[in-house]
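In what follows, a structure is listed as structure tokens, so that the remarks can point back to it.
The values are calculated or read from the model by the stated rules, or taken from the named source; none is laboratory data. Just so it is clear, the structure is predicted and the values come from calculations on it, not from any experiment. Glycine also receives a Cβ, built like all others from the backbone with ideal geometry; neighbour counts cover every protein chain displayed. Ligands, DNA and RNA are stripped out before the accessible areas are found, and what is left, the full protein with its side chains, is counted by its heavy atoms. Shrake-Rupley method; radii C 1.70, N 1.55, O 1.52, S 1.80 Å.
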Amino acid sequence: MRECQDLIMLLGLVSSGFGATILPLSLLSLHSLGGLRVIQLKDQTLISEPKVIWRKNSYLSKAAKEF
């Protein structure tokens, strides 16, 4: 199993039949799900860990550095 933070890529892979994914239901409402099957997980405790990601060795604004 792998983790991927790119929602568009994940949904593209699933749409092409390459795999399946587990996503928060709130994210799915932001995108058209034509042709995809959604199964809601019940009684599951899942933890989301927010991350801040930026390109290594590239410019980072002062605001981003302070954040």
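Taken over the chain, the convex hull of the Cα atoms encloses 149 Å³ per residue. Surface composition of the chain: carbon plus sulfur atoms hold 55% of the accessible area, using a 1.4 angstrom probe and ignoring ligands, DNA and RNA. Here THR45 sits with roughly 130 square angstrom of accessible surface, probe radius 1.4 Å. Rounded to whole numbers, the Karplus 3J(HN,Hα) couplings from phi for segment 45-62 are 9, 10, 10, 9, 10, x, 9, 10, 10, 8, 5, 5, 6, 10, 5, 10, 4, 4 Hz, using 6.51 cos²θ - 1.76 cosθ + 1.60 with θ = phi - 60°, and x at Gly and Pro. Of the whole protein surface, ILE39 contributes about 120 Å² of accessible area at a 1.4 Å probe radius.
Each of ILE22, GLY34, LEU7 was placed along the dipole of the chain (beta-carbon charges, centred on the mean Cα), and the one lying farthest toward the positive end is LEU7.
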